[in-house]
Amino acid sequence: MSLQYGETLFEHFRRPRNYGALVAPDVAYEDVNPLCGDRIRMELRVDASQTITAVRFRGDSCIISRAAASILTELIQGCTLQQVADLPKERLLTALGTEVRPARLKCALLPLHVLQTGIAAAHTSHDPQPFHPC
Amino acid sequence: MSPMRAFFQQLEQLRPLNQRVTLATLVNTQGMSPRKEGAKMWVAEGGQLLGSVTIGGCVDAQVIEQSEDVLTRQTPCLIELSLGDEEAWELGLTCAGTLEVFLEPLSADRSEPFACYAALKSHLDSGASGALLTRLDGTAAGAKLLLLDDGTRRGSLGDPVLDHESCRMAQSLLEQTISRTVSVPCAGETVRVFVDVHAPPATLIIVGAGDVAMSLVHLARTLDFRVAVVDSRPRFASRARFPEADDLLVGIPSEIVKTLPLTPCTAVILVAHDYKYDLPILRHVLSSPVHYIGMLGSRRRGEAILKLLREDGVAEESLRRVRVPIGLELGGQSVPEIALAILAEVVSVRYGGSTLPLSRQGRGCA
């Protein structure tokens, strides 16, 4: 595999941070890019003030999507759910440290989409969303 | 539908109809035979036939004739059929040989065989294996004992010592997945018992629900594989595209595969042509005893995937199990032809086939 997307991205792909699962997460959501098949699940634990205390992700996804998820989990440490809900996509794209071609933006932004949709869903339900049928 | 699957299905239909049949089972072969021990045929009242114990010709005709006698007498019997050269030629045998066929009457008022077969089928459906033991001689000829791979027994061959000793011998055959007649010492004499071993159907796990997978499922079902299709995309892994798949599993593919039984009867075929599935799934299945692992892709792509796995510490010996490019070289280019080449390789690996044309192999008696 080439390093056309930069060392940071490739390094996060090979050694993703916060990969795995949480026991009884407060927010859990999963989604898929319906054509390419990237599928990511994000899980959060928050304290009483809705501040994130733990985050995990997992899934089968491409280099960009997996690295973006890994980088995102580092970006949101200590943030509140509201801050994550308001996180602009440009913030994540900048953190990737490389320019992502327009055709691959969906890959890069899938983790953020999953997280923000999961937070929105958690606001309307007390139960974590175990699976989001497409 | 495979003969064995058809057999179980027909058996289920038989009992409510209260129809009487003779079940003929090939229990012993000497010399070369086109069918293996365990091949079955039944002859029903009214002349209906299902299955065969040879590949046809005079031998099957003799079995049919004798089966009709058994239907009339309602007692089991063991018949020996010596194949003369002429018959051997007709059957496609290269050498003359001897076949033994056990004929037994089945009817709704003799419930034990039905109960044994029903229990066996239920056990096989759960992915396990079992053996049905049939006593071939003596006054208790036809007595049955079901031995499941979890050690469960049902029925009796007519003597506790015979049951114990037969099960001990059957256990070994069960492990080797071989059906055979064994001679069991019992009370100073020898009793012949046919051990009919049934393994669960081989399972094919197909990762990636594209066009190749569609052709694979269709062919694999014909070959009696149990087929699971795995993908993360519901639009691809849909029932409309895979009406024949036994399981259609949508989610995180590597996590789904971890939930599936990976046994020596399992083949894993990666046809998503996507490293995001290939890498995590290979990491997992390479530590399992599946008999076949194949991955769609060029040699170059395969090397790239294997390199990443090697860097992750996967042993060279394990990496050699991955067949990439996948399939036998049949020369076909269409999607169904690619699927055929893949399944040809799966079947060849399963049975230890040489993949050489039979016409190019040595002739004469084995």
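The values are calculated or read from the model by the stated rules, or taken from the named source; none is laboratory data. Everything quoted here is computed from the prediction, not taken from an experiment. As a convention, Cβ positions derive from the backbone with ideal geometry for all residues, glycine included, and neighbour counts pool all protein chains shown.
Quick look at the values:
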| quantity | calculated |
| --- | --- |
| Enumeration of residues in the stretch B:206-251 that are within 10 Å of another protein chain (Cβ to nearest Cβ) and of a type in the set (S, T, N, Q) | B:SER232 |
| Output for the stretch B:234-254, where each listed residue is outside any loop (DSSP other than H, G, I, E, B) and of a type outside the set (Val, Ile, Thr) | B:ASP247, B:LEU248, B:LEU249, B:PRO253, B:SER254 |
| Selection within the stretch A:9-34 - more than 26 Å from A:LEU81 (Cα to Cα) and touching a residue at least 60 places away in the same chain (Cβ under 8 Å) | A:PRO34 |
| Conditions (1) over 18 Å from the mean Cα position of the chain (by Cα); (2) more than 24 Å from B:GLU80 (Cα to Cα); (3) of a type in the set (S, T, N, Q): number failed by B:SER129 | (1) |
| So A:LEU22, is it at pLDDT 95 or above, buried (at least 22 other Cβ atoms within 10 Å of the Cβ) and more than 14 Å from chain B (Cβ to nearest Cβ) | no |
| Counted residues, the stretch A:46-63 - those being of a type in the set (Asp, Glu) and either touching a Gly at 6+ places or on another chain (Cβ under 6 Å) or away from every other protein chain (no Cβ under 14 Å) (or both) | 1 |
| Count of residues meeting criterion [buried (at least 20 other Cβ atoms within 10 Å of the Cβ) and over 24 Å from the mean Cα position of the chain (by Cα)] in the stretch B:213-248 | 5 |
| Residue identified as within 14 Å of chain B (Cβ to nearest Cβ), out of contact with any His (no Cβ under 9 Å at 6 or more places or on another chain) and among the acidic types (Asp, Glu) among A:GLU99, A:GLU43, A:GLU90 | A:GLU43 |
| Elements of type helices (runs of 4 or more DSSP H) in the stretch B:255-363, at least 2 residues being surrounded by 11 or more Cβ atoms within 10 Å (Cβ to Cβ), out of contact with any Pro (no Cβ under 8 Å at 6 or more places or on another chain) and of a type in the set (Asp, Glu) | B:335-351 |
| The stretch B:314-364, residues that are of a type in the set (D, E, K, R) and either in contact with a Leu (Cβ under 9 Å, 6 or more places away or on another chain) or within 25 Å of B:ARG301 (Cα to Cα) (or both) | B:GLU316, B:GLU317, B:ARG320, B:ARG321, B:ARG323, B:GLU329, B:GLU337, B:GLU345 |
| Unmet criterion (only one of (1) in a helix (DSSP H, G or I); (2) among the hydroxyl-bearing types (Ser, Thr, Tyr); (3) touching a strand residue (DSSP E or B) at 6+ places or on another chain (Cβ under 7 Å)) for B:THR181 | (1) |
| Which numbered condition A:ARG66 fails, given (1) at the interface with chain B (Cβ under 10 Å from one of its Cβ atoms); (2) on the phi > 0 side of the Ramachandran plot | (2) |
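A quick yes/no check of all residues on (1) within 24 Å of B:ARG180 (Cα to Cα); (2) at pLDDT below 80:
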site	(1), (2)
B:ARG15	no, yes
B:MET41	yes, no
B:SER52	yes, yes
B:GLN74	no, no
B:LEU78	yes, no
